[in-house]
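Asker: One structure coming up, written as structure tokens, with questions to follow.
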Amino acid sequence: MTEFLNFIDGAFVPSERRFDKRTPTSHAVIGTVHEASAAQVDAAVRAARAALDGPWGRMPVAKRVELLHAVADEINRRFDDFLAAELADTGKPRSLASHIDIPRGAANFKVFADIIKNVPTESFEMTTPDGGSAVNYAVRSPVGVVAVVCPWNLPLLLMTWKVGPALACGNTVIVKPSEETPATATLLGEVMNAVGIPPGVYNVVHGFGPQSAGEFLTRHPDIDAITFTGETRTGEAIMAAAAQGVRPVSFELGGKNAGIVFADADFDKAVAGITRSAFENCGQVCLGTERVYVQRPIFEKFVAALKAKAEALKIGPPNEPGVGLGPLISAEHRQKVLSYYRRAVEEGATVVTGGGVPDMPAALAEGHWVQPTIWTGLPESASVIREEIFGPCVHLAPFDTEEEVIALANATRYGLATTVWTENLGRAHRMARAVKVGICWINSWFLRDLRTAFGGSGASGIGREGGVHSLEFYTELRNVCIKL
Ligand code: NAD
């Protein structure tokens, strides 16, 4: 049984209140999480402020960069520990976490350390009314003490996606991991101490959202900025908290992403791509596609091919060879996903495959398993097509023209990502411009260059992170104007 302690000012700190951590594969309790009190959150904020005003704030950039490289190296050195922690917390397939979650978790520190070392600031010369001149240049300073509030679907990857650039820019952070996935954020505390990151630079407070660590942190008056990934309605609550004191926010929120497959697509690649975008990580990826539009001439063939792929996915625990689909994160989330499975039928869907719970061996019977599910035949007004489900399920609908599918794809308040499959170059460019999203993949999905802008339009988020765009949120630019 693991104890997940808070990490405050370089020390692991227990709390009086505790809650169970259950593993998704069997629902068994595997750990105890120490829920930070308001006083402990306050202690973390004070430690972060002291580090910002002290050793971290005074550290030369070159030294900071060196330390962040050391963090990445230490995560890689302890790769197996991080992998085991992530697998126990999420139940996702080992192949997925070992290729994406952990390596990206480490890379996030190196990429942003290198960016801060290499990106210049602007400078302008000007003439002045007296016939002289002046020179302007910008300096970057950290935004300050940053609250980092994280979801459970890609715990280490999404957390370091924020902590990496925040620390590279010279900020200090307090991380509030999801209550469902406390492990890797806690482990990262050990890494910070091992490589010599000063106490208070990286802090972790465990707990829930409302009336718990999430709210204590985001409402804390000495937090300078809040970066959040999670549900849109949580974003609304955090934005209200951020309004007190006019604190900036960076939000990566929910989605209801469309996949679009044209008849001229490379059929096999499109089927493989949509299989991933619909079912990877058991459908618990913000960028995933829960509604897919397929051009009519290939619609029936596509439905049959995706059905075959879904039915071939091996369901099972992380370490079983060949597993492609793990469990959902929690019993509560499983109830939500299954409620949509029922609702789809009530709303008149044809269930092409799935729609229920798989038979699992006795030891895994209490796990949070659901079948990968494909529907057809629903009207666009159906809740299954409008609302984010966050499960391994997808509705397929036929379309005829480019104009029609653009209108279908854009008929949502969300605007995170899309994946378009076509061999027609002109059409690919036209679609990329017409679909209202932050990220448009053509003939690919979840292919990420960390230097590119990442974020959503509409209800899918505020701001962009990634590459130099992260610097815009995690630093303040000060213009210096010198009369010559
Ligand atoms: P969630 O919003 O329920 O929780 C996210 C975090 O916010 C958790 O740490 C939670 O404890 C905390 N929280 C909840 N209420 C709070 C409050 N009132 N104040 C402060 N903190 C609060 O999201 P989740 O269920 O963990 O994650 C799934 C959601 O995240 C989906 O909607 C998904 O689309 C979204 N997501 C978006 C992206 C993206 O990049 N756009 C990436 C991953 C996940």
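The values are calculated or read from the model by the stated rules, or taken from the named source; none is laboratory data. Computed from a predicted model, the values in this text were never measured in an experiment. Quick reminder, even Gly has a Cβ in these numbers, built from the backbone with ideal geometry, and neighbours come from all protein chains shown.
Asker: Select from the range 243-272 the residues that are of a type in the set (A, V, I, L, M) and farther than 23 Å from residue 155 by Cα and list them in ascending order.
Answerer: Of the residues in the range 243-272, the ones of a type in the set (A, V, I, L, M) are 243, 246, 249, 253, 258, 260-261, 263, 265, 270-272.
Answer for the range 243-272, where residues must be of a type in the set (A, V, I, L, M) and farther than 23 Å from residue 155 by Cα: 243, 246, 258, 260, 261, 263, 265, 270, 271, 272.
Asker: List, please: which pairs have Cβ atoms under 7 Å, are six or more places apart or on different chains, and start with a residue in the range 54-72 that is farther than 16 Å from residue 192 by Cα and end with one that is surrounded by fewer than 19 Cβ atoms within 10 Å (Cβ to Cβ) and among the basic types (Lys, Arg)?
Answerer: Cβ pairs passing all conditions: 61/117.
Asker: Out of the residues in the range 346-382 that are exposed (fewer than 14 other Cβ atoms within 10 Å of the Cβ) and among the small types (Gly, Ala, Ser), which is farthest from the ligand (Cβ to nearest atom)?
Answerer: 362
Asker: For the range 210-243, enumerate the residues that are more than 8 Å from the ligand (Cβ to nearest atom), touching an Asp or Glu at 6+ places or on another chain (Cβ under 9 Å) and in a loop (DSSP other than H, G, I, E, B).
Answerer: Once the filter is applied, which keeps residues that are more than 8 Å from the ligand (Cβ to nearest atom), touching an Asp or Glu at 6+ places or on another chain (Cβ under 9 Å) and in a loop (DSSP other than H, G, I, E, B), the range 210-243 yields 220, 222.
To keep it simple, each residue is scored yes or no on (1) part of a loop (DSSP other than H, G, I, E, B); (2) touching a residue at least 60 places away in the same chain (Cβ under 8 Å).
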residue	(1), (2)
308	no, no
321	yes, no
324	no, yes
327	yes, yes
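Asker: Here is a follow-up. Any chance the range 91-104 includes a residue that's in contact with a strand residue (DSSP E or B) (Cβ under 7 Å, 6 or more places away or on another chain) and either crowded, with 18+ Cβ neighbours inside 10 Å or within 18 Å of residue 195 (Cα to Cα) (or both)? Can you show your working first?
Answerer: We begin by selecting, within the range 91-104, every residue in contact with a strand residue (DSSP E or B) (Cβ under 7 Å, 6 or more places away or on another chain); these are 93.
So of that shortlist, the ones also either crowded, with 18+ Cβ neighbours inside 10 Å or within 18 Å of residue 195 (Cα to Cα) (or both) come out as 93.
Within the range 91-104, one or more residues are in contact with a strand residue (DSSP E or B) (Cβ under 7 Å, 6 or more places away or on another chain) and either crowded, with 18+ Cβ neighbours inside 10 Å or within 18 Å of residue 195 (Cα to Cα) (or both).
Asker: Residue 275 fails exactly one of the following numbered conditions: (1) free of Cβ contacts under 8 Å to residues at least 24 places away in the same chain; (2) more than 16 Å from the ligand (Cβ to nearest atom); (3) part of a helix (DSSP H, G or I). What is the number of that condition?
Answerer: If we test residue 275 against (1) free of Cβ contacts under 8 Å to residues at least 24 places away in the same chain; (2) more than 16 Å from the ligand (Cβ to nearest atom); (3) part of a helix (DSSP H, G or I), just (1) comes out false.
Asker: To continue, here is another question. What's the total number of residues in the range 454-477 that are in a helix (DSSP H, G or I) and not β-branched (Val, Ile, Thr)? Spell out the reasoning first.
Answerer: Looking only at the range 454-477, we keep the residues that are in a helix (DSSP H, G or I), and these are 467-474.
Subsequent filtering for residues that are not β-branched (Val, Ile, Thr) retains 467, 469-474.
The qualifying residues number 7.
Asker: Residue 29 passes all but one of (1) touching a strand residue (DSSP E or B) at 6+ places or on another chain (Cβ under 7 Å); (2) crowded, with 18+ Cβ neighbours inside 10 Å; which number fails?
Answerer: Among (1) touching a strand residue (DSSP E or B) at 6+ places or on another chain (Cβ under 7 Å); (2) crowded, with 18+ Cβ neighbours inside 10 Å, residue 29 violates only (2).
Asker: Then there's this: Look through 297, 358, 318 and report the one residue that is in contact with a Gly (Cβ under 7 Å, 6 or more places away or on another chain) and of a type outside the set (A, V, I, L, M, F, W, C). Steps first, please.
Answerer: On the way: 297 fails: in contact with a Gly (Cβ under 7 Å, 6 or more places away or on another chain); 358 fails: in contact with a Gly (Cβ under 7 Å, 6 or more places away or on another chain).
Exactly one residue qualifies, and that residue is 318.
Asker: Now for a separate question. Looking at the range 405-425, I want the residues that are within 16 Å of the ligand (Cβ to nearest atom) and have a partner that is of a type in the set (Lys, Arg) and assigned to a loop (DSSP other than H, G, I, E, B) with Cβ atoms under 7 Å, at least 6 apart or on another chain. Which pairs are those?
Answerer: If the second residue must be of a type in the set (Lys, Arg) and assigned to a loop (DSSP other than H, G, I, E, B), the pairs left are 412/256; 414/256; 415/436.
Asker: Which ones in the range 244-264 are within 10 Å of the ligand (Cβ to nearest atom) and of a type in the set (D, E, K, R)? It would help to see each step written out before you state the result.
Answerer: Narrowing the range 244-264 to residues within 10 Å of the ligand (Cβ to nearest atom): 251-257.
Scanning the range 244-264 gives 252, 256.
Asker: Please indicate, with yes or no, whether at least one residue in the range 225-238 is more than 30 Å from residue 59 (Cα to Cα) and touching a strand residue (DSSP E or B) at 6+ places or on another chain (Cβ under 6 Å). First the steps, then the outcome.
Answerer: At the first step, the residues of the range 225-238 found to be more than 30 Å from residue 59 (Cα to Cα) are 230-238.
If we keep only those that are touching a strand residue (DSSP E or B) at 6+ places or on another chain (Cβ under 6 Å) as well, we get 235, 238.
Yes, the range 225-238 contains at least one residue that is more than 30 Å from residue 59 (Cα to Cα) and touching a strand residue (DSSP E or B) at 6+ places or on another chain (Cβ under 6 Å).
Asker: Tally up the residues in the range 243-254 that are within 25 Å of residue 471 (Cβ to Cβ) and within 21 Å of the chain's Cα centre (by Cα), please. Spell out the reasoning first.
Answerer: Here is the first cut: in the range 243-254, the ones within 25 Å of residue 471 (Cβ to Cβ) are 243, 245-253.
Filter once more, so that each one left must be within 21 Å of the chain's Cα centre (by Cα): 248-253.
Looking only at that region, the number is 6.
Asker: With the structure loaded, tell me whether residue 277 is of a type outside the set (Asp, Glu) and under 17 Å from residue 455 (Cα atoms) or whether it fails that test. Before you say what the answer is, go through the steps one by one.
Answerer: Values: of a type outside the set (Asp, Glu): yes; under 17 Å from residue 455 (Cα atoms): no.
Criteria not met by residue 277.
Asker: Right, another one. When residues of the range 340-366 are filtered for being in a loop (DSSP other than H, G, I, E, B), within 17 Å of residue 390 (Cβ to Cβ) and in contact (Cβ under 8 Å) with a residue 40 or more places away in the chain, how many remain?
Answerer: Total meeting the criteria: 1.
Asker: Still on this model: Go through the range 195-209 and report how many residues are part of a loop (DSSP other than H, G, I, E, B) and either closer than 12 Å to residue 42 by Cα or more than 9 Å from the ligand (Cβ to nearest atom) (or both).
Answerer: If we filter the range 195-209 for residues that are part of a loop (DSSP other than H, G, I, E, B), which is where we start, we get 196-201, 205-209.
If we keep only those that are either closer than 12 Å to residue 42 by Cα or more than 9 Å from the ligand (Cβ to nearest atom) (or both) too, we end up with 196-201, 205-206.
Within the range 195-209, residues that are part of a loop (DSSP other than H, G, I, E, B) and either closer than 12 Å to residue 42 by Cα or more than 9 Å from the ligand (Cβ to nearest atom) (or both) number 8.
Asker: Does residue 50 count as of a type outside the set (Val, Ile, Thr) and either surrounded by fewer than 19 Cβ atoms within 10 Å (Cβ to Cβ) or in contact with a Gly (Cβ under 7 Å, 6 or more places away or on another chain) (or both)? Give the steps one after another, and end with the answer.
Answerer: On the way: of a type outside the set (Val, Ile, Thr): yes; either surrounded by fewer than 19 Cβ atoms within 10 Å (Cβ to Cβ) or in contact with a Gly (Cβ under 7 Å, 6 or more places away or on another chain) (or both): yes.
Answer is yes for this residue.
Asker: Okay, moving on. Return the pair list, or none, for Cβ contacts closer than 6 Å from residues in the range 383-396 that are in the same structural domain as residue 314 (by TED's automatic domain parsing) and under 21 Å from residue 324 (Cα atoms) to residues that are in a helix (DSSP H, G or I) and polar (S, T, N, Q), at least 6 apart or on different chains.
Answerer: Matching pairs, first to second residue: none at all.
Asker: Identify the single condition in (1) away from the ligand (no atom under 16 Å from the Cβ); (2) part of a helix (DSSP H, G or I); (3) among the β-branched types (Val, Ile, Thr) that residue 184 does not satisfy, given that it satisfies every other one.
Answerer: Failing condition for residue 184: (1).
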